[in-house]
Amino acid sequence: MRWLEKLHRGRNVKKVILIGTNSGKAEEMNKVENSNGFYTLQGFDFDKIKSHCNSFVVVHSKDDEWVSFEQGKENAKGLDAKFEIYGNKGHFGKKV
């Protein structure tokens, strides 16, 4: 998402699929200071991101123990994305 925020005007991608993605918001000030710009106090700039792609899918599980479901909802809403919700997948990619 940060990569899309920083793309030059006129550069676009066809589709972005986000799986268990955080909101980019810092919950603590030291995350902002130590994150090399990944976390910010305001989170992602959805307008900039959408200017480089108009098709988004957000996949998130309600029981994700690493990235809250609220962050998935925020991303889906901000990106006008198709939102695929699961109830029992935890954090995708994690071995069970």
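Per-structure values
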read-out	value
From the options 22, 54, residue that is open to solvent by 70 Å² or more (accessible area, probe 1.4 Å) and either in contact with a helix residue (DSSP H, G or I) (Cβ under 7 Å, 6 or more places away or on another chain) or at pLDDT 85 or above (or both)	54
Contacts under 9 angstrom Cβ, first residue in segment 75-87 being acidic (Asp, Glu), partner in a strand (DSSP E or B) and open to solvent by less than 50 Å² (accessible area, probe 1.4 Å), 6 or more apart	80/56; 84/57; 84/58; 84/59; 84/60
Within segment 28-47, tally of residues that are modelled with pLDDT of 65 or more and either loosely packed, with under 15 Cβ neighbours inside 10 Å or under 13 Å from residue 77 (Cα atoms) (or both)	7
Matching residues in segment 57-96 - criterion: being open to solvent by less than 30 Å² (accessible area, probe 1.4 Å) and hydroxyl-bearing (Ser, Thr, Tyr)	61
Flag for residue 78 being small (Gly, Ala, Ser) and within 10 Å of the chain's Cα centre (by Cα)	yes
First in segment 49-71 and small (Gly, Ala, Ser), second anywhere and not in a loop (DSSP other than H, G, I, E, B), Cβ under 7 Å, 6 or more apart	61/86
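Condition check ((1) part of a helix (DSSP H, G or I); (2) of a type in the set (S, T, N, Q)) across all residues:
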site: 44; (1), (2): no, no
site: 59; (1), (2): no, no
site: 63; (1), (2): no, no
site: 66; (1), (2): no, no
site: 71; (1), (2): yes, yes
site: 74; (1), (2): yes, no
site: 83; (1), (2): no, no
site: 89; (1), (2): no, no
site: 93; (1), (2): no, no
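The values are calculated or read from the model by the stated rules, or taken from the named source; none is laboratory data. Here the structure is a predicted model, which is why all the values come from computation and not from measurement. Counting neighbours? That spans all protein chains shown, and the Cβs are built from the backbone with ideal geometry, glycine included. With ligands, DNA and RNA removed, areas are computed over all heavy atoms of the protein, side chains included. Shrake-Rupley method; radii C 1.70, N 1.55, O 1.52, S 1.80 Å.
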